[in-house]
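The values are calculated or read from the model by the stated rules, or taken from the named source; none is laboratory data. The structure presented is a predicted model; accordingly, all values stated were derived computationally and were not measured. Positions of Cβ are backbone-derived with ideal geometry, glycine not excepted, and every protein chain shown enters the neighbour counts. Surface accessibility is based on the protein's heavy atoms, side chains included, excluding ligands, DNA and RNA. Shrake-Rupley method; radii C 1.70, N 1.55, O 1.52, S 1.80 Å.
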Amino acid sequence: MIYDNQNKTITTKRLVLRLFQKSDAAPVSKLCNNYNIYKSTLSLPYPYSLEDALSWIERHLDNFNANKSYEFAITDKESGELFGAIALSNNQMFNNGEIAYWIGEEFWGKGYATEAAEAILQFAFAEKQYHKVFARYFNSNPASGRVMQKLGMKKEGILIDHVWKENRYEDLVYYGIINSVGL
């Protein structure tokens, strides 16, 4: 993982994580206007419009500069094609943050979420000196849990029937990892 502070980019073997641009709104709305992504994310609306994408993107830079959250487009290192998004919240009071991500369905199963999440975890610990990073997923989306396991995160618990979505309650499974390097 190579972090470029000036350009606010993270480069991995296959990916460049970068800030979203307004020009990303159309591909974001195309990727997110997908029921399978909606049903496995906590707060994405469905249907997902161009206006949804624009209003989401417009606050990223301010949040990044204020150290509130760091939201990156997951893009192909060679072509620049947009695969999805990954974010890291910043809870300064407790020196921790949450990773959240989505990948466009046509790009599932290629390891992009894991590669991006590994980079964000390194960013959290090496660049931002977090003590802990956590993530959560719907129990009905075990693929997201496998990403967390590949990061070395440990299961911390399940909040039973915690979220009402799609006319039923969903369990939220929590994973976390402590920064052992910074101890």
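In region 50-154, which GluC sites (Glu not before Pro) fall in coil by DSSP and have 10 or fewer other Cβ atoms within 10 Å?
Details: sites: Glu51, Glu58, Glu71, Glu78, Glu81, Glu98, Glu105, Glu106, Glu115, Glu118, Glu127; in loops: Glu58, Glu78, Glu81.
Within region 50-154, the qualifying GluC sites (Glu not before Pro) (loop, at most 10 other Cβ atoms within 10 Å) are Glu78.
Quote the charge dipole size of region 110-156 about the Cα centre in Debye, to the nearest 20; the model charges only the Cβ of Lys and Arg (+1) and of Asp and Glu (-1).
On the way: 8 positive and 4 negative charges, 38 e Å.
Approximately 180 debye in magnitude.
Where a ≥ b ≥ c are the square roots of the eigenvalues of the C-alpha gyration tensor, would you call region 1-105 rounded, which needs a/c under 1.5, or, failing that, prolate if a/b is larger than b/c, or oblate? Mind showing how you got there, number by number?
Numbers: a/c = 1.60, a/b = 1.21, b/c = 1.33.
Verdict is oblate for region 1-105.
Normalised by the number of residues in region 1-128, what is the relative contact order in percent for Cα pairs under 8 Å and 6+ residues apart?
Numbers: 201 pairs, mean separation 30.8, N = 128.
After rounding, I find 24 percent.
At what distance in angstrom do the alpha carbon centres of region 87-122 and region 17-63 lie from each other?
Taking the Cα centre of each part, region 87-122 and region 17-63 sit 15 Å apart.
Just the accessible area per residue of region 65-183, please: how many Å² with a 1.4 Å probe? Each step should come with its number before you reach the end.
Numbers: 6070 Å² over 119 residues.
Per residue, region 65-183 has an accessible area of 51 Å².
Between Lys150 and Ser23, what length comes free when the chain is fully extended (0.36 nm per residue of separation minus the Cα-Cα distance, one decimal in nm)?
Stretched out fully, the Lys150 to Ser23 stretch lengthens by 42.5 nm.
Which Cα, out of Ala124, Asn33, Thr11, lies furthest along the positive dipole direction of region 1-130 (beta carbon charges, K/R +1, D/E -1)?
Projecting each Cα onto the dipole axis, the largest value belongs to Ala124.
Could you tell me which of rounded, prolate or oblate describes region 51-131, using a ≥ b ≥ c as the square roots of the eigenvalues of the alpha-carbon gyration tensor, with rounded for a/c under 1.5 and, failing that, prolate when a/b is larger than b/c and oblate otherwise? Don't jump to the answer; show the numbers that get you there.
Values: a/c = 2.17, a/b = 1.34, b/c = 1.63.
Cα axes put region 51-131 in the oblate bin.
If you work out percent of Cα pairs over 27 Å apart from the coordinates, which of [x] 23; [y] 33; [z] 27 do you get?
Computing percent of Cα pairs over 27 Å apart and matching it to [x] 23; [y] 33; [z] 27 gives [x].
How large is the charge dipole for the chain, taken about the Cα centre, if only the Cβ atoms of Lys, Arg (+1) and Asp, Glu (-1) carry charge, to the nearest 20 debye?
Working: 20 positive and 21 negative charges, 88 e Å.
The calculated dipole for the chain is roughly 420 debye.
Please tell me which of these pairs span more than 26 angstrom C-alpha to C-alpha: Lys128/Lys155; Lys77/Lys154; Lys30/Lys155; Lys77/Lys165? Let's see the in-between values first.
Values: Lys128/Lys155 23 Å; Lys77/Lys154 30 Å; Lys30/Lys155 33 Å; Lys77/Lys165 35 Å.
Violating the 26 Å limit, Cα to Cα: Lys77/Lys154; Lys30/Lys155; Lys77/Lys165.
Run the helix sum for the chain: -39,500 (n - 2.57) per DSSP H stretch of 4+ residues, divided by residue count, reported at 222 nm to the nearest 500 deg cm²/dmol.
Working: 6 runs with 46 residues, N = 183.
Theoretical 222 nm ellipticity from helices: -6500 deg cm²/dmol.
Please state the shape class of region 94-182: rounded when a/c is under 1.5, otherwise prolate if a/b exceeds b/c and oblate if not, all from the C-alpha gyration tensor.
Details: a/c = 2.31, a/b = 1.35, b/c = 1.71.
Oblate, since a/c reaches 1.5 and b/c is not below a/b.
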